[in-house]
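Notes to accompany the following structure.
Laboratory data are not the source of any read-out in this text; all were calculated from the coordinates shown. Everything numeric in this text was worked out from a predicted model, so none of it was measured. Methodologically, a virtual Cβ is constructed for each residue, glycine included, from the backbone with ideal geometry; neighbour enumeration extends over all protein chains shown.
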Amino acid sequence: MHSGVLLLDKPLGLSSNAALQRVRSLFGREKAGHVGSLDPLATGMLPICLGEATKIAGDILAGRKCYRFTAGLGSATSTGDAEGEVIRTAPVPPLTRAGLTAVLARFIGTQSQVPPMYSALKQGGQPLYKLARAGVSVPRAPRTIELSRLSLLDFAADSVEIEAVCSKGTYIRVLAEDIGAALGTCARVTALRRLWVEPFADEPMHTFATLEAIRQRGEWPALMAVDTPLRHLPSVTLDAVDAQRMLKGQRVFTGSGVAAPRVRLYDPTGLFLGLGEQDGSGGLEPRRLMRIGLTPER
């Protein structure tokens, strides 16, 4: 079994699930899951968790994301991007760098955002995008998001290129529409690329071309260790006896002195065992264990 995280540079025109299935095919139909969907019209970093790494996908999903996108001004579409039909047009006021920067600054911080109808969120067991395609619109509860950075990269008479660092659950299509409204016009996303997913900001990505070339040589792509995305959590090394007890699902007493509730667990050889939860009185309980022998700490 291959376990670890693969950072895929998803190409244009492919859904996240289709990209996942191609990776699974290259890895012999390995158990796998992608973290954070990208629309077919979006490119960029798509973390794919293979084998035991699927157990920590939620921790990666909780991290911030960085996107580079272009908002086309003067028209809005049914989908919020270039795929949909134009549903509204409006004149675009003259743009200046100072004016655009001032508008973007108003979006920094915590705020509410209503998810779009064209999204994979479900209501009554039905994905919203299926309802939208049937011409049905339903109320959506607003979600709390946070924008920690919005940088103006470039602009023209009818478009703005922006780089955004945002929390999970942020819809860039909705953000582009809101920015368009703040500028006194309407907008849709015309280009979108995810530059990174926390904590992989400085990590290289694989393309399908590089993956296929590696497999054609009879080799396997190097994967990031399962514990790599968890380095923000403190670690606790168990002795051999407690490590075995933990792997059997038993509570152990460590007196580790680590104050954090969630910790990474290792055996005396540095082998990553999984995640544990401390109860504040020296007790440590297993919360998400790995099959051992796969992911030594590096």
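Apply the a/c threshold of 1.5 to the C-alpha gyration tensor of the range 65-197 and tell me whether it is rounded, prolate or oblate.
In terms of gyration-tensor shape, oblate.
Within 15 Å, Cβ to Cβ, of T70, how many net charges do the neighbouring residues add up to if Lys/Arg are +1 and Asp/Glu are -1?
After counting each charged neighbour, the total is -3.
Taking a threshold of 23 Å on the Cα-Cα distance, which of the pairs K55/K248; K55/K130; K168/K248; K31/K65; K65/K130 fall above it?
K55/K130; K168/K248; K31/K65; K65/K130
Let me know the longest stretch in the chain that avoids all GluC sites (Glu not before Pro) found in a DSSP loop with at most 11 other C-beta atoms within 10 Å.
86-218
Expressed as cubic angstrom per residue, what is the convex hull volume of the alpha carbon set of the range 170-298?
Hull volume normalised by residue count: 169 Å³.
Using only the Cα atoms of the range 63-143, what semi-axes does the equivalent ellipsoid have when each is the square root of 5 times a gyration tensor eigenvalue? Give whole Å, largest first.
27, 19, 11
Taking Rh as the Kirkwood radius, which is the inverse of the mean 1/r over Cα pairs, what is the Rg/Rh value for the chain?
Expressed as Rg/Rh, it is 1.04.
Just flag the trypsin sites (Lys or Arg not before Pro) in the range 170-232 sitting in loop per DSSP whose Cβ has no more than 15 other Cβ atoms within 10 Å.
Loop-located and lightly packed - R217, R231.
If each residue's Cβ is checked for other Cβ atoms within 10 Å, how do L6, L247 rank with the fewest at the top?
Placing the least packed residue first, the sequence is L247, L6.
Only Cα pairs under 8 Å and at least 6 apart count here; give the relative contact order of the range 233-289 as a rounded whole percent.
Relative contact order of the range 233-289: 37 percent.
Pick from D81, D279, D227: which residue has the top mean-square fluctuation in a GNM of the chain where Cα pairs under 10 Å get a spring?
D279
Excluding A57 itself, what net charge comes from residues whose Cβ is under 13 Å from its Cβ, given Lys and Arg +1 and Asp and Glu -1?
+2
For the range 203-260 and the range 148-184, compute the distance between their C-alpha centroids and round to whole Å.
36 Å
Can you list residues from other chains, or at least 5 along the same chain, whose modelled amide H is less than 5 Å from the amide H of A42?
When sequence neighbours closer than 5 places are left aside, the close amide H contacts are G13.
For the range 1-41, which trypsin sites (Lys or Arg not before Pro) are both in a DSSP coil and crowded by at most 13 other Cβ atoms within 10 Å?
Those that pass, being in a loop and sparsely packed, are R29.
Could you state the number of Å between the C-alpha centres of the range 32-49 and the range 80-108?
26 Å
Extent of the range 233-289 along each principal axis, from alpha carbon coordinates, in Å, largest to smallest?
Here the spans come out as 24, 20, 18 Å, largest first.
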